[in-house]
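The values are calculated or read from the model by the stated rules, or taken from the named source; none is laboratory data. Since we're looking at a predicted model, the values are computed, not measured. Here the Cβ is made from the backbone with ideal geometry for all residues, glycine too, and neighbour counts use every protein chain on show. The protein model used for the area step is the full one, side chains on, heavy atoms only, and it has no ligands, DNA or RNA in it. Shrake-Rupley method; radii C 1.70, N 1.55, O 1.52, S 1.80 Å.
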Amino acid sequence: MGNGLKEIRKKISSVNNTKKTTRAMKLVSTSKLKKVEEMAKRARTFADKLNEVFYDMMKRIKLNGLTNINSKFFHNTDSRNVKVVDIVFITADKGLCGGFNSVTMKEVLRLRNDYQKRQVQVRFRCIGKKGNAFFTFNNITLEDNIIDLSSSPNYERSSDFINAAVNDFLDNKTQEVIIVYNGFKNLISQQLKTIKILPLVPDMDIIQADNKTDNVLNISPEDEENIILDELAKKYVEYNMYYALVDSLAAEHSARMQAMDTATNNATELVKALTISYNKARQQAITTELVEINAGAEAMK
């Protein structure tokens, strides 16, 4: 019985140590999440201004009667003519964040199956160690992959990465580029996002509804508007890639925070259960000893 009590004490000590670790990881993720949320707010502000400039440019083109936009970024490909698609997906570099990565990879595989049913070739561009490890283990070829970017978003590195897909699209090697990632919704949940980043499809309802006469862009009618539009479109794609990384990192920290909170609560419940088992075993051992003492005393009479 003494050995049994010793084993239970070891289990309680081990679970308590694990509980300390999970609680510490939750606090770290909470702290990191606050920093990433500030990054996301700043990125969203810039993205809103970029969208404003982008749609102002589109409005100017529409007012000038250029209904046919001469830009490969806006090349409207019929779904029947799509032969090759690039899927860019973001996963974490680290684990211990619940189903954060598996949700993204399941969606990527679902998209692959849908496109393959339409006889469309699918190429994968992976960001993050977890996605790279999963696809390598399953012998699925990756067109491109990068690590240490999802855990530390950087505009220059993300631009270099997405521009490889952009260049293939402009060279007509691919007809669509899609970004898939698990984005931040709130502290306790994430939102899977699938965005067709190319070809760009401007929302004409927004353009037509915008009746402002002032222009965000200070350019003259003589300027090459389509050239400027191409530059804006390129920045638009690059910044959407960067914002997706920031959004994904915020979601990763919220998922890890939630997972560690759940693990801490489970450890607390396990310690309670083990403590009850320990007390019962201890009481049983004491009762057995008392019975043996009384039996010995009776035998000596």
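With θ set to phi - 60°, apply the Karplus curve 6.51 cos²θ - 1.76 cosθ + 1.60 along the stretch 278-283 and write out the HN-Hα couplings as whole Hz, x wherever there is a Gly or Pro.
Ordered by residue, 3J(HN,Hα) equals 5, 5, 5, 5, 5, 5 Hz.
Check which residues have an amide H placed less than 5 Å from GLY183's amide H, if you skip close sequence neighbours.
Counting only residues 5 or more places away or on other chains, the set is GLN191, LEU192, LYS193.
Once amide H atoms are built 1.01 Å from N in the peptide plane, which residues 5 or more positions from LEU198, or in another chain, come under 5 Å H to H?
Hits under the 5 Å cutoff: VAL177.
Which sequence of ARG44, ARG125, ARG282 reflects their accessible areas, 1.4 Å probe, from the largest down?
Putting ARG44, ARG125, ARG282 in descending order of accessible area: ARG282, ARG44, ARG125.
Non-local amide H neighbours of VAL88 (under 5 Å, H modeled in plane, Pro and chain starts lacking H): which ones?
Amide H to amide H, under 5 Å and 5 or more residues apart or across chains, VAL88 pairs with ARG125, ILE178, ILE179, VAL180.
Set the bar at 25 Å for Cα to Cα. Now go through LYS32/LYS130; LYS11/LYS32; LYS72/LYS106 and name every pair that lies beyond it.
Numbers: LYS32/LYS130 20 Å; LYS11/LYS32 31 Å; LYS72/LYS106 31 Å.
Long pairs (Cα-Cα over 25 Å): LYS11/LYS32; LYS72/LYS106.
Quick one: 3J(HN,Hα) in Hz for the stretch 147-158, Karplus 6.51/-1.76/1.60 with θ = phi - 60°, rounded, Gly and Pro as x.
Values per residue, Gly and Pro as x: 10, 6, 10, 5, 7, 8, x, 9, 5, 5, 5, 5 Hz.
Keeping all protein chains in place, calculate the accessible area per residue for the stretch 155-194 (probe 1.4 angstrom), answer in Å².
Working: 1800 Å² over 40 residues.
Per-residue accessible area for the stretch 155-194 comes out at 45 Å².
In nanometres, what is the gap between the two model label sites at GLU156 and THR268, each 7 Å from Cα along Cα-to-Cβ?
The answer from the label model is 4.6 nm.
Apply the Karplus curve 6.51 cos²θ - 1.76 cosθ + 1.60, θ = phi - 60°, to the phi angles in the stretch 170-182 and return the couplings in whole Hz, x for Gly and Pro.
Rounded to whole hertz, the list is 5, 7, 6, 6, 10, 10, 8, 10, 10, 10, 10, 7, 9.
Please report the spacing between the Cα centers of the stretch 228-301 and the stretch 169-192 in Å, no decimals.
For the stretch 228-301 versus the stretch 169-192, the Cα centre distance is 32 Å.
Quick check: the distance between the Cα centres of the stretch 128-160 and the stretch 29-48, to the nearest angstrom?
One Cα centre to the other: 22 Å.
Could you work out what % of the accessible surface of the stretch 102-162 is carbon and sulfur, using a 1.4 angstrom probe and leaving DNA, RNA and ligands out of the count?
C and S atoms contribute 45 percent here.
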